[in-house]
Amino acid sequence: LMAKLVGDTGRVYAFEPASENLAKLRANLALNSFDHVKVIEAAAWSEPATGTRYKSKDDSGGNAMWNPAEWWENRKTQEQGPGLESVNLTTLDREIVDRSRLTFIKIDTEGAEYHVIDGACELLTQRCPAVVAEFSPFALAQMGDTESSLRDLMGSHGYHTFLPYRTG
């Protein structure tokens, strides 16, 4: 969607740590001739490192940097245990070098939103792009963070945060 919205003259950075998703992502980009998307084979994080990614056995969207068996609905993962995968971690500051036209950042990281923002301090201070971050208080808590700590971090970079109304 983002690749289509920015058009051929725009640029999209897609951070994808999941080995099972990389081939699908690349095939989709080729199918749609989206040559302006840079795929980064890593999770966006607060610092470059390696980490453990937990794979839910209930829902592919429930994969995270925390154990999805902690979520009350993930019965299969609770019974069988999560899959584990070692993944590369990097920062937005490190990967997004050309910031001259950066206008928008979308974050949906199953509770790691604080860490992603923490790894984008230079970028957020220099460019002040619009940021849309989906978050779950439960998932943030699994990472040791809170909605308040996330809002405080955003505020330290000059951002005002708000929640959209459920009705649009």
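The values are calculated or read from the model by the stated rules, or taken from the named source; none is laboratory data. Keep in mind the model is a prediction, meaning the values are calculated, not measured. No Cβ is skipped: glycine too gets one built from the backbone with ideal geometry, and neighbour counts run over all protein chains shown. When the accessible area is computed, the model is the full protein with side chains, heavy atoms only, and any ligands, DNA or RNA have been set aside. Shrake-Rupley method; radii C 1.70, N 1.55, O 1.52, S 1.80 Å.
Annotations for the structure displayed:
- Cross-chain or 6+ apart pairs with Cβ under 7 Å, the range 151-168 first and within 13 Å of L124 (Cβ to Cβ) and free of Cβ contacts under 8 Å to residues at least 60 places away in the same chain, then among the β-branched types (V, I, T) and in a loop (DSSP other than H, G, I, E, B): M154/T161
- Filter result for E110 (open to solvent by 10 Å² or more (accessible area, probe 1.4 Å), touching a residue at least 24 places away in the same chain (Cβ under 8 Å) and more than 14 Å from the chain's Cα centre (by Cα)): no
- Among residues of the range 65-122, those that are part of a loop (DSSP other than H, G, I, E, B) and among the aliphatic types (A, V, I, L, M), counted: 6
- Restricting attention to the range 66-85, the residues that are touching a residue at least 60 places away in the same chain (Cβ under 8 Å) and open to solvent by 50 Å² or more (accessible area, probe 1.4 Å) total 2.
Here is a yes/no grid of residues against (1) without any contact (Cβ under 8 Å) to a residue 40 or more places away in the chain; (2) surrounded by fewer than 16 Cβ atoms within 10 Å (Cβ to Cβ):
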position	(1), (2)
V87	no, no
V97	yes, yes
G119	no, no
L123	yes, no
A133	yes, no
F138	no, yes
A141	yes, yes
D145	yes, no
S148	yes, yes
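- Scan the range 9-23 for residues that are surrounded by 11 or more Cβ atoms within 10 Å (Cβ to Cβ) and assigned to a loop (DSSP other than H, G, I, E, B) and the total you get is 5.
- Candidates D152, D93, filtered to the one that is touching a Cys at 6+ places or on another chain (Cβ under 9 Å), more than 24 Å from D59 (Cα to Cα), at pLDDT 95 or above and not aliphatic (A, V, I, L, M): D93
- Whichever residue in the range 24-59 is under 28 Å from Q142 (Cβ atoms) and part of a helix (DSSP H, G or I) and, among such residues, is least open to solvent (accessible area, probe 1.4 Å): L25
- Residue check for A18: in contact with a Ser or Thr (Cβ under 6 Å, 6 or more places away or on another chain), closer than 16 Å to S86 by Cβ and among the aliphatic types (A, V, I, L, M): no
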